[in-house]
């Protein structure tokens, strides 16, 4: 099932001679159970793509479709509701509200969507348990490590009915081992039925994706998928250390 | 351990990434025996002869573990040479060379990562560390390719190279020399 679709999407910032063509006709689909990484140099359009994919920005031309809904046909209110119910974001930092506990942070999108506090709390605690943070609900963000904070952010991103996870450099400030643990978690959440778009400049992190899309100057210049026969890697000379 | 056991132990700890033939194992054992670094023990009932390490062998082994691997001993890097030659060969789209390599390298990285994801972190630590060594080496290549591309953008004019010209037939490439390379 297709969760996210970008159809010939263009995005131009500004106008006249100083107009910046951030995206030029990008087409991309992300299926359920699929993690797609987006790589490219600074200014290639990665963040614009993610903002459009999450309905935070509108394309100048082309369409963005989430769960079959063309975002351009939505009213402002319907778009906000779709974002709350269907899309979760994980950023490098500024992920969690410092004055709320982990459980309250995870429950927040549900409560914003009209779910009562009493109903949202057990759902939030279950989401925390799914990211191995059972018992951490009452802790405030500054009482958690960087890796634990990102796990809370992932729990919040996928709480309730949300199935589209958009991550922008989610391991930026983390050490190698903790960053890898976050990616393993992202991967397992996608394997369990979510769909994910991961923007990163780290090839080692992008490698957890099923497909890696290379952006340059707002255009997808290449896509890298899995090998047909991965085991060959271990016997060919190029694969030997 | 006898030769077959040594081979099995080596391959188990390196996940089969460096296949050994047993003849190579016995040749090495003979050389180590000649240098008094191992000594043979009486053969077992199956006719297999185990070896044990000597004190001199332990000392040599400790010295090996304590010595860094010299990068100058590594073979020449064909990719670096290819890119260097691509830059000074008229008609070659260096951006395309970089991107073709990056896609292939990325694919390799994805597969190593898939093997990592499959491995059991608790019981396959040595295999995971060998995989990590390959992951970091491949990642370094991608980073270097990114750096090459950034340098190309900064130091070469866009007209000197455009995506896709490598896909042209050789005859067309000759024509491009005339048309595209700044003199």
Residues to consider are B:24, B:5; find the one that is under 29 Å from residue B:128 (Cα atoms), surrounded by fewer than 13 Cβ atoms within 10 Å (Cβ to Cβ) and modelled with pLDDT of 85 or more.
B:24
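Mind listing whichever residues of the stretch A:166-181 are surrounded by 24 or more Cβ atoms within 10 Å (Cβ to Cβ) and in contact with a strand residue (DSSP E or B) (Cβ under 9 Å, 6 or more places away or on another chain)? Outline the logic, then answer.
So the first thing to find is which residues in the stretch A:166-181 are surrounded by 24 or more Cβ atoms within 10 Å (Cβ to Cβ), and the list is A:166-167, A:170-171.
Result: A:166, A:167, A:170.
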Qualifying positions in the stretch B:10-63 - under 30 Å from residue B:112 (Cα atoms) and part of a loop (DSSP other than H, G, I, E, B):
B:14, B:15, B:16, B:17, B:18, B:19, B:20, B:21
So, residue A:161, is that one out of contact with any helix residue (DSSP H, G or I) (no Cβ under 8 Å at 6 or more places or on another chain) and modelled with pLDDT under 90 or not?
no
Sort through A:207, A:195, A:203 and tell me the only one that's out of contact with any helix residue (DSSP H, G or I) (no Cβ under 9 Å at 6 or more places or on another chain) and either buried (at least 18 other Cβ atoms within 10 Å of the Cβ) or within 22 Å of residue A:62 (Cα to Cα) (or both).
A:195
Subset of the stretch B:94-142 that is within 12 Å of chain A (Cβ to nearest Cβ) and outside any helix (DSSP H, G or I) - its residue that is farthest from residue A:224 (Cα to Cα):
B:121
Output for Cβ contacts, cut-off 7 Å, separation at least six or different chains, first residue more than 14 Å from every other protein chain (Cβ to nearest Cβ) and at negative phi in the stretch B:15-43, second in a helix (DSSP H, G or I) and modelled with pLDDT of 90 or more, reads B:32/B:57; B:37/B:56; B:37/B:57; B:38/B:29; B:38/B:32; B:38/B:57; B:39/B:33; B:40/B:33
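Results for (1) surrounded by 16 or more Cβ atoms within 10 Å (Cβ to Cβ); (2) touching a strand residue (DSSP E or B) at 6+ places or on another chain (Cβ under 8 Å); (3) on the phi > 0 side of the Ramachandran plot, shown as yes or no for each residue.
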residue	(1), (2), (3)
A:72	no, yes, no
A:90	yes, yes, no
A:104	yes, no, no
A:110	yes, no, no
A:122	no, no, no
A:128	yes, no, no
A:136	yes, no, no
Would you mind listing the strands (runs of 3 or more DSSP E) fully within the stretch A:1-95 where at least 3 residues are without any contact (Cβ under 8 Å) to a residue 60 or more places away in the chain?
A:2-13, A:61-66
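The values are calculated or read from the model by the stated rules, or taken from the named source; none is laboratory data. Because the structure is predicted, anything quoted here is derived from the model rather than measured. Positions of Cβ are backbone-derived with ideal geometry, glycine not excepted, and every protein chain shown enters the neighbour counts.
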